[in-house]
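Chemist: Quick one: the structure is below, questions incoming.
No lab work stands behind these numbers, since they all come straight from the coordinates. Quantities reported herein were computed from a predicted structural model and do not represent experimental measurements. A quick note on method: Cβ atoms are made from the backbone with ideal geometry, for glycine too, and the neighbour counts reach across all protein chains shown.
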Amino acid sequence: AAFVLLASCAVEPPSPPDPPADFDFNTAANADLSMTIQLEPDPAPPVVVNESAPGRSIGSWDQVTGDMVTQLTFADGSLLVVASGGTVGVGYYLAQTADATGNFNPVSGLGNLSVNLKMTVASIDLGGGPGPMAQPCDVGMTLAMSGSINVATGALSVTQNGFTVTPPAESDCGGLGGIIGQLLGGPINSMTLTFGVQAPPDNGRYVATT
């Protein structure tokens, strides 16, 4: 059975910190995380399902080495999981377990970003209204994303198809850990992360000096 996920969330952007002196550019910008989950390959063609979580990226990109480090924050969200057996509402928190790190070539913009996320299922609604989910109820997501920075605009986009999911233990989530892991993990999944890389006011350019 394929599951359809719909999400709605918003976030107040925090004030960006000053970038380190040896970093030319910062990543203080709105971010968007788009996740596709499908439980099984049938029916054909597969049903494409999406969940989008807007958020914020704050960090730095070194124009000499190409190294990037950034902190990602996302608002609390909610999913509507639609399956042949009925509809389940899921409330969640999404957080990094470590800073995202990677490297993007300052000239070509090509590169990669490692992202580690934890989705905490906070509530569940089986049709009678949302109720708190027994804790712990965490789904880990480990991503080695690849993509590029558009060196003309500063727009960054990275993607991974088939990322690693660590489901809750069977006894977690009030004994529903196995089911929650399947609903939010795949096995068919992909994730795309987008945010902007900004030049400081005294620089005004994105292309590195060659």
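Chemist: Report ³J(HN,Hα) in whole Hz for each residue of the stretch 167-177, in order, from the Karplus equation J = 6.51 cos²θ - 1.76 cosθ + 1.60 where θ = phi - 60°; Gly and Pro get x.
Modeler: x, x, 5, 3, 7, 6, 6, x, x, 9, x
Chemist: By per-residue mean of other Cβ atoms within 10 Å, what is the highest-first order of 188-198, 118-128?
Modeler: 188-198, 118-128
Chemist: Follow-up question, since we're still on this one. Treat each spin label as a single point 7 Å out from the Cα along the C-beta direction, and report the Leu80 to Gln135 distance in nm.
Modeler: The answer from the label model is 2.8 nm.
Chemist: Which ³J(HN,Hα) values in Hz, rounded to whole numbers, follow from the phi angles of the stretch 149-156 under the Karplus curve 6.51 cos²θ - 1.76 cosθ + 1.60, where θ = phi - 60° and Gly and Pro get x?
Modeler: 9, 6, 6, 8, 10, x, 6, 9
Chemist: Could you work out how far apart the two model spin labels at Val69 and Ser148 are, taking each label as a point 7 Å from the Cα in the direction of the beta carbon, and quote it in nm?
Modeler: Each label point lies 7 Å from its Cα, and together they span 2.8 nm.
Chemist: Out of residues 5 or more away from Ala122 or on other chains, whose amide H comes under 5 Å of its own, with H placed 1.01 Å from N in the peptide plane?
Modeler: Close amide H contacts, sequence-distant or interchain: Gly91, Tyr92, Tyr93.
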